[in-house]
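K.L.:
Before I ask anything, here is the structure I am working with.
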Amino acid sequence: MKKLKLLLLAFSLLICSTYAAHSQSQLGSLLNKIPKGNPSSSEMGTGIKQALEAGISRGADQLSAKDGFLGNPAVKILFPPEAQKIEKTLRSIGLGSLADNVITSLNRAAEDAAKDAKPIFLSAIKQMTIADATNIVLGDQNSATEYFRRVTTAQLLAAFTPVIAASLNKVGATKYWSDATHEYNKLPLVKKVNTDLPAYTTQKAIDGMFVQVAVEELKIRNNLGARTTPVLQKVFGYADKNRN
């Protein structure tokens with residue numbers, strides 16, 4: 001019996017030591033996968049491009065969906081500032097539905113145009129230099145947004161203008177706007193309002209795109225769960241360390 005107990009004890013110790021060695025081996029394997037050292041310039045470029053491609057694609061898809069603008073208070077397009085008195089007057093005389101139609105149609109036009117934004121942003125990411133990437137990674141919280149504002153605004157304006165104009169006609173905005181301004185301008189003693197609706201809507205749509213880009217940039221910088229590859233972990237871990 002004593003020999004049997006000794007054999008069982010020896011067997012148990014053998015199992016424990018084998019399991020411990022295996023666990024230690026697994027732990028070592030996991031630790032080896034954690035990126036070490038500072039990222040190279042190439043890794044900076046790869047990391048920021050990976051992150052921006054995912055974030056920008058997600059943001060553009062959200063805005064181009066139905067209610068992407070209309071249902072988002074941060075980017076929803078309202079009456080032009082100089083025409084807000086039109087909205088107030090229309091609602092006060094029982095024409096609130098006309099005002100609602102104008103607002104809905106402006107946002108539908110912006111949602112239509114937003115479909116053309118994604119390839120413009122993705123092209124800007126592909127053309128990003130290593131210096132651009134490094135400045136974005138180590139820059140302010142809105143460095144990527146400002147980069148896109150600088151390199152894509154002219155392209156967005158060129159792409160959005162015809163789409164917005166066509167969409168405003170398609171969704172009836174031009175007619176709604178014409179009806180609204182007509183009803184307002186025929187009132188006695190009011191100052192006539194003649195806003196360039198396509199130009200106004202185009203600019204607001206572009207402004208809304210950059211608002212969404214800024215939201216996605218903050219997610220990229222602050223959401224640890226979004227760092228799904230070793231390169232992203234290394235690049236943004238380095239950025240965190242250098243900001244603190």
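The values are calculated or read from the model by the stated rules, or taken from the named source; none is laboratory data. Model, not experiment: these values are computed from the prediction. Here the Cβ is made from the backbone with ideal geometry for all residues, glycine too, and neighbour counts use every protein chain on show.
K.L.:
Quick test of your reading of the structure: THR145 fulfils all but one of (1) modelled with pLDDT of 90 or more; (2) of a type in the set (S, T, N, Q); (3) within 25 Å of ALA166 (Cβ to Cβ); (4) in a helix (DSSP H, G or I). Name the failing condition by number.
P.N.:
(3)
K.L.:
Could you list all residues from segment 65-92 that are assigned to a loop (DSSP other than H, G, I, E, B) and under 14 Å from THR201 (Cα atoms)? Let's see the steps before the verdict.
P.N.:
Residues of segment 65-92 that are assigned to a loop (DSSP other than H, G, I, E, B), as a first pass: 65-80.
Within segment 65-92, PHE69, LEU70, VAL75, LYS76, ILE77, LEU78, PHE79, PRO80 meet the criteria.
K.L.:
When you go through ASN169, ASN242, ASN194 one by one, which is the residue that is part of a loop (DSSP other than H, G, I, E, B) and either of a type outside the set (Val, Ile, Thr) or modelled with pLDDT of 85 or more (or both)? Full working, then the answer.
P.N.:
Working: ASN169 fails: part of a loop (DSSP other than H, G, I, E, B); ASN242 fails: part of a loop (DSSP other than H, G, I, E, B).
The conditions single out ASN194.
K.L.:
Can you find a residue that is under 30 Å from THR228 (Cα atoms), in contact with an Asp or Glu (Cβ under 8 Å, 6 or more places away or on another chain), at pLDDT 90 or above and not in a helix (DSSP H, G or I) anywhere in segment 41-60?
P.N.:
No, segment 41-60 contains no residue that is under 30 Å from THR228 (Cα atoms), in contact with an Asp or Glu (Cβ under 8 Å, 6 or more places away or on another chain), at pLDDT 90 or above and not in a helix (DSSP H, G or I).
K.L.:
Let me ask something else. Whether any residue in segment 159-178 is among the small types (Gly, Ala, Ser) and closer than 14 Å to ALA83 by Cβ is what I want to check. Step through it out loud before you land on a result.
P.N.:
Kept after step one, since they are among the small types (Gly, Ala, Ser), are these residues of segment 159-178: 159, 165-167, 172-173, 178.
Those left that are additionally closer than 14 Å to ALA83 by Cβ: 173, 178.
Yes.
K.L.:
Among (1) under 18 Å from ASP207 (Cβ atoms); (2) in contact (Cβ under 8 Å) with a residue 40 or more places away in the chain; (3) of a type outside the set (A, V, I, L, M, F, W, C), there is one condition ASN101 misses while meeting the rest; what is its number?
P.N.:
Failed condition: (1).
K.L.:
Search segment 97-109 for residues being at pLDDT 90 or above and surrounded by fewer than 24 Cβ atoms within 10 Å (Cβ to Cβ), and hand back the single one that is nearest to the chain's Cα centre (by Cα).
P.N.:
Among those that are at pLDDT 90 or above and surrounded by fewer than 24 Cβ atoms within 10 Å (Cβ to Cβ), it is ARG108.
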